[in-house]
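So the structure is just underneath, and the comments pick up after that.
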Amino acid sequence: MLLIVVASIPVLGPDAISFGPFIISYAAYLLSLRTMWIVNALVLATSLGVAVITNMVGDFIFLIGLLAVLVVVNAVNTALIRHSIRSGDLRMDHAILSSQDRMARDVHDVLGHSLTAVSLKAELAERLLDTDVAAARAELSQIRELTAEALESIRATVGGLRRTTLAEELEPVCAALDDAQLHTVLSGDAQKVHPVRSIVMSWVLRESITNVLRHAHATTCWITVRGDSLTVEDDGDSLAGSAEGHGLRGLRERARLAEANCRIGTSEHGGTKVSVQWD
């Protein structure tokens with residue numbers, strides 16, 4: 001483009017500066033920000049210099065004004081474009097981080113509960129080996145089934161397909177509590193819970209029961225289901241004074257994303273109370 005300008009000087013003379021708007025626009029949209037401002041300054045300075053030297057300021061006043069307007073407009077447009085690109089990059093980063101965080105919560109919840117159940121089954125089978133081989137064999141068979149289910153759950157989670165409802169989750173959860181010799185008090189009807197809320201409640205139930213089995217040293221667990229809430233309580237060790245782990249933080253995040261309130265505190269039975277509720 002500069003070569004064309006130079007080649008046109010013998011024919012156009014001072015009017016060759018009319019190529020200025022094209023040069024400014026090219027620099028604005030195809031060159032770096034620093035180069036754009038250098039080109040803007042050079043084109044404006046050259047145009048003013050030619051107008052003054054040739055005593056044609058009046059003739060070129062419109063062109064010089066047009067150049068000044070183009071500098072401002074192009075600067076604003078390119079700034080908006082750069083801002084849009086940065087916003088797009090940030091949205092992509094946020095989407096990736098959100099996906100990774102969701103995957104971490106899902107895998108943590110699936111593995112945490114499944115491995116806890118397997119550990120309990122293994123301890124029970126070990127105790128039964130010396131007294132009841134048939135019962136021990138049955139426990140080992142259940143361990144095999146649990147590991148198969150865990151693998152399938154992980155595959156579904158990685159594929160983003162895992163959608164366990166509360167009713168589906170209650171059966172294995174109660175079985176795990178029975179294996180740990182915890183008395184379970186269940187109230188409410190999980191079938192009456194809204195399907196979307198049921199999915200969130202199932203994750204809350206899974207993580208809460210996993211914590212009861214791992215840390216609570218409880219004897220009884222209360223599970224209360226309502227149409228707009230789920231509460232899990234125990235009579236074991238409370239969380240007073242202890243730091244929240246990844247699992248509990250994941251519960252709060254799941255509840256927040258589902259526009260629900262998640263509360264974790266001390267139960268009236270002396271242990272821990274976890275509840276999720278929609279206002």
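The values are calculated or read from the model by the stated rules, or taken from the named source; none is laboratory data. Bear in mind the structure is a predicted one, so any value in this text is a computation, not a measurement. Cβ: placed from backbone, ideal geometry, glycine included. Neighbour counts: every protein chain shown.
Six or more apart or on different chains, Cβ under 6 Å: which pairs go from a residue in the stretch 119-136 that's surrounded by 13 or more Cβ atoms within 10 Å (Cβ to Cβ) to one that's assigned to a loop (DSSP other than H, G, I, E, B)? Could you list them?
Once the first residue is surrounded by 13 or more Cβ atoms within 10 Å (Cβ to Cβ) and sits in the stretch 119-136, its partners that are assigned to a loop (DSSP other than H, G, I, E, B) give Leu120/Ala180; Ala136/Leu129.
Loosely packed, with under 12 Cβ neighbours inside 10 Å, modelled with pLDDT of 90 or more, assigned to a helix (DSSP H, G or I) and assigned by TED's automatic domain parsing to the domain that holds Ala79 - does that describe any residue in the stretch 17-35?
The answer is yes; a qualifying residue exists.
So which pairs qualify, if the first residue must be in the stretch 56-85 and in the same structural domain as Ala28 (by TED's automatic domain parsing) and surrounded by 11 or more Cβ atoms within 10 Å (Cβ to Cβ), the second must be among the aromatic types (Phe, Trp, Tyr) and not in a loop (DSSP other than H, G, I, E, B), the Cβ gap must be under 7 Å, and the two must be at least 6 apart or on different chains?
Listed pairs, sorted by first residue: Thr78/Tyr29.
Consider the stretch 11-28. How many of its residues are farther than 13 Å from Phe60 by Cα and of a type in the set (D, E, K, R)?
Qualifying residue count, the stretch 11-28: 0.
For the stretch 43-66, give me each residue that is of a type outside the set (S, T, N, Q) and closer than 14 Å to Ala16 by Cβ.
Those that are of a type outside the set (S, T, N, Q) and closer than 14 Å to Ala16 by Cβ: Val43, Gly49, Val50, Ala51, Ile53, Met56, Asp59, Phe60, Leu63.
Any residue that is free of Cβ contacts under 8 Å to residues at least 40 places away in the same chain, charged (D, E, K, R) and surrounded by 15 or more Cβ atoms within 10 Å (Cβ to Cβ) - is there at least one of those in the stretch 6-16?
Checked the stretch 6-16: at least one residue is free of Cβ contacts under 8 Å to residues at least 40 places away in the same chain, charged (D, E, K, R) and surrounded by 15 or more Cβ atoms within 10 Å (Cβ to Cβ).
Could you please find all residues in the stretch 21-39 being more than 16 Å from Arg82 (Cβ to Cβ) and polar (S, T, N, Q)?
The answer is Ser25, and nothing else.
Quick one: which helices (runs of 4 or more DSSP H) lie wholly within the stretch 126-223 and hold at least 3 residues that are at pLDDT 85 or above and under 23 Å from the mean Cα position of the chain (by Cα)?
195-211
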